[in-house]
Structures are given as structure tokens and as C-alpha cells.
Amino acid sequence: MTPSVRRARSVIGAVAPVLAATAATVLSVDDLLGFAGARFLRGGWPVDLAAVAVAAALSGALAALWCRDAARTLVCCSVLVWVALLSPAGGTGISTDGAAAQAAVPVGLVLAARARAPRRATSAAVVVLATVWLVAGLVPVVPLEVCIGVQSLALGATAVLAAGPWLHRAAAVLRDLWRSAEVR
């Protein structure tokens, strides 16, 4: 395998989980806002965004498998299950019939967060939110709006966790830029 193919797989494995988790977060926030009658995605946009999330999750999972990156593979598989089975754009919506999917997504996010231990604060946030999501999804005493809100927060924290290396590089560049700035 040539170095350029290895690099392409590595880039796809890094970019796709962030894109998939961000698209899933937007779908979840739109679903949450739907309870207030304030959806911001209208027409065919949710289905298009779901297609982008599924395509990114599939390509990211395959690239992460080739790169042997368990955390990114778990993020992509969890997002894929959420978009395909649990999101309104996926067609099935949240139901008690999807208890296995309702449990699989948060468990996948927890395992992915545990594999990314260096980012402790974000990993801890994902673990807590995904655990609350798991309990709220399986115990029907929590209002649906709260469950979807926790889903949105967990998916958003997962997107931040997946984008962690980029955020650290961007922070380093900005720090160096600030140190070299004459305007201070």
C-alpha cells in the first residue's frame, strides 16, 4: 500500500467521525426543537443531512477499521445506528421496539470515550451524558423531551471528542500567533 493511500485512509478516518457526529447532533437538536414547534430544518433537509451522516459514518467506520482506531470506529457505528434507527430522519423514530438500538448507541459512545482517555473532561462528559441517555431511554419515567435533550448533548460532546486533535492543533496555532503578535 502506498503512503498516499495510507494518508487518505487516515484523513477519512479522522474527518468522517466528526462530520457524522456533527450531522447527528444537528438532527437531534432539530428533533428537540420540534417539540417547541421551532424546527430549523424544513422540507427534505433532515433526510439529506441523515444521508450525509450515514455516508460519513460508513466511510469513517471503514477507514477507522483499516487504521485500527477503535474509538473512531465506535463513534461512526454509534452514529450510524442512531441516524438509521432512532432519528426521525431515519424513518423509525424513537420507540420502545428499538430497545437494543436505544442501548447500543450510548454504550458505543461510552466505549469510544473510554478509548480517548487523554481528553479527560470531554471523555467524562460523554460518559456521563451517554449513561444518562441509556438510563433515560430504557426507563420510561423520564419525559421524551429530556431524553432527546440528553441525546443532543451526548452527540455534541462526541463530536467535540472526535474533533479533539484538530481543536488542540488549532489552539496551538492560535497560541503561537498570540505569542508572536506585536499588537498586544
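The values are calculated or read from the model by the stated rules, or taken from the named source; none is laboratory data. Bear in mind the structure is a predicted one, so any value in this text is a computation, not a measurement. Cβ atoms come from the backbone with ideal geometry, glycine included; neighbour counts cover every protein chain shown. The area values use the complete protein model at the heavy-atom level, side chains included, leaving out ligands, DNA and RNA. Shrake-Rupley method; radii C 1.70, N 1.55, O 1.52, S 1.80 Å.
Give me the dipole magnitude in Debye, nearest 20, for the chain about the Cα centre, with unit charges on the beta carbon: positive for Lys and Arg, negative for Asp and Glu.
On the way: 15 positive and 8 negative charges, 180 e Å.
Charge dipole of the chain: 860 debye, to the nearest 20.
Note on segment 1-77: along the principal axes its Cα atoms extend 51, 21, 12 Å, ordered by decreasing extent. Ligands, DNA and RNA left out, the 1.4 Å accessible surface of the chain is 69% carbon and sulfur atoms.
Determine the per residue accessible area of the chain with all protein chains present and a 1.4 angstrom probe, expressed in square angstrom. The partial results should precede the final answer.
On the way: 9870 Å² over 184 residues.
Normalised by residue count, the accessible surface of the chain is 54 Å².
Note on the chain: dipole from Cβ charges, positive end direction compared against A113, L85, Q151; the farthest Cα belongs to A113. Charge tally around L153: other residues with Cβ under 14 Å, Lys/Arg +1 each, Asp/Glu -1 each, net -2. Rounded to the nearest 20, the Cβ-based charge dipole of segment 1-51 about its Cα centre (Lys and Arg +1, Asp and Glu -1) stands at 320 debye. Rg/Rh for the chain stands at 1.02; both radii use Cα atoms, and Rh follows the Kirkwood definition. Ellipsoid fit via the Cα gyration tensor, segment 124-184: semi-axes of 38, 10, 7 Å, each the root of five times an eigenvalue, largest first. Measuring nothing but how far apart in sequence close Cα pairs (under 8 Å, 6+ apart) lie, relative to its length, the chain scores a relative contact order of 24 percent.
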